[in-house]
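Enquirer: So that we are looking at the same thing, I have put the structure below in structure tokens.
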Amino acid sequence: MSTNTNTDDESTSNCGASTNESESSGSACGASSSGDDSSSTCGASSDDSHEQEVGATVADFDADPGQLTAVGLGPGHAEGMTERAKTALLEADHIVGYTTYIELIPDEITEQADEIYDTPMCGEVSRTEESIDRTLAGNDVAIVGSGDPNVYALAGLALEILESKGATASMVEFDVVPGVPAAQSCAARLGAPLVNDTVSVSLSDHLVPMPEIESRLHSVASENFTITIYNPWSRKRRENFRKCCEILTTHRDEETPVGIVHGAGREDEQVMITELGELEELGESEIIDMTTTILVGTEDTYVWDDRMVTPRGYETKYDY
């Protein structure tokens, strides 16, 4: 197994595409990546224009395309991966993903891959293009993410970049292997908070401006939904979390049950059930960060035996 992590500065692609981008040290296949992603709020440099550029097109490749599979790893431990996900990874020639997610894959799987390519946080575009270029060069490639590829993840981006390169999903036999999303894995640790209508909101303003996120929060908080909050906190996003708590307490009772799960399924997992009025002060504690998922209950949610319960409505129709 060979590992490519932003070290190859050759002007010719290692996987078949011709490119004159000698400065593209991050890509073995034509993707452009500077490799200095660690300095910003989400890991990207302040000048992340390389993330918006698509290099090689389908015309630059001579091989018959391989298969591209977006694989959801689930909550972060081997037992939480589906058998279909494990099979897809074992069948892939190359595995591409965010470094932290690559590290979640069992060694017996990564050791079988011909190559592993990983990038730091916020290298979404560069590593997705890398996976596509490797596929167009004739390799079977798996691009991985935690949870599910369709929940705040890269399945859609892969299709967009395929289109921009003049390729099609059928050309590369694009497939999606679903995984257990964070909302579901966290709900399982909290009891039964998601058995009625639910809405998810991410507080990451890397792609969506905070005013738009605030508007969404006002809208969903005013309805009787369970709210799942992704990406609630980072050192440079304290204000996003504070504003979120302010909006929630505007529309919900301060005694509304709130479930917090940090690092679901990982070695540092922490689980807490609290009340909405106590949420903001927890922003300075270690339990809330970018690996945390927060579930805010409805007006009907209650806590019983250290478990959140959101009634489905059976009690209004049946006697039990």
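Enquirer: Any idea of the accessible area per residue across the range 183-309, 1.4 Å probe, to the nearest Å²?
Expert: 49
Enquirer: Determine ³J(HN,Hα), in whole Hz, for all residues of the range 76-84 in sequence, where each value follows from phi through the Karplus function 6.51 cos²θ - 1.76 cosθ + 1.60 and θ = phi - 60°; x replaces Gly and Pro.
Expert: Result, rounded to whole Hz: x, 10, 4, 5, x, 7, 6, 5, 5.
Enquirer: Rg and Dmax of the range 183-309 over Cα atoms: what are they, in angstrom?
Expert: Spelled out, the Cα radius of gyration and Dmax of the range 183-309 are 13.2, 39 Å.
Enquirer: Hey, rough spin-label estimate for SER164 and GLU286, points 7 angstrom out along Cα→Cβ, what's it come to in nanometres?
Expert: 3.9
Enquirer: Among residues other than GLU173 whose Cβ falls under 11 Å from its Cβ, what is the net charge (Lys/Arg +1, Asp/Glu -1)?
Expert: Neighbourhood net charge equals -3.
Enquirer: Quote to one decimal, in nm, the extra length available between THR316 and LEU90 on full extension: 0.36 nm per residue of separation minus the C-alpha distance between them.
Expert: 76.5 nm
Enquirer: Given a 1.4 angstrom probe, I'd like the percentage of the accessible area of the range 145-284 that is carbon and sulfur, rounded to a whole number.
Expert: 46
Enquirer: Among 144-150, 86-92, what's the highest-first ranking by average C-beta atoms within 10 angstrom per residue?
Expert: 144-150, 86-92
Enquirer: Counting only heavy atoms of protein chains, what accessible area per residue, in Å², does the range 63-180 have with a probe of 1.4 Å?
Expert: So the range 63-180 comes to 38 Å² accessible per residue, rounded to a whole number.
Enquirer: Just tell me which lysines come within less than 16 Å, Cα to Cα, of LYS236; anything on the same chain fewer than 8 places away is out.
Expert: Cα-Cα hits under 16 Å: none found.
Enquirer: Based only on the alpha carbon positions, what is the Kirkwood hydrodynamic radius of the range 261-318, in angstrom?
Expert: 13.2
Enquirer: Follow-up question, since we're still on this one. What is the extension gain from ASP62 to ASP305, computed as 0.36 nm multiplied by their sequence separation minus the C-alpha to C-alpha distance, in nm to one decimal?
Expert: Full-extension gain reported as 81.3 nm.
Enquirer: Extension gain THR249-ARG216, at 0.36 nm per residue separation less the Cα-Cα distance, in nm?
Expert: That works out to 10.4 nm of additional length.
Enquirer: What are the ³J(HN,Hα) values, in whole Hz, obtained from phi via the Karplus relation 6.51 cos²θ - 1.76 cosθ + 1.60 with θ = phi - 60°, for each residue of the range 124-129 in sequence order, with x given for Gly and Pro?
Expert: Along the range 124-129, the couplings run 4, 5, 5, 6, 5, 5 Hz.
Enquirer: Along its three principal axes, how long is the range 52-173 when you only count alpha carbons? Whole Å, largest extent first please.
Expert: The principal-axis extents, from largest down, are 41, 26, 22 Å.
The values are calculated or read from the model by the stated rules, or taken from the named source; none is laboratory data. Note that the structure is a prediction, hence the values are computed from the model and not measured. When we count neighbours, we look across all protein chains shown, and the Cβ atoms used for this are built from the backbone with ideal geometry, even at glycine. Quick note on the areas: whole protein, heavy atoms, side chains included, nothing else; ligands and nucleic acids left out. Shrake-Rupley method; radii C 1.70, N 1.55, O 1.52, S 1.80 Å.
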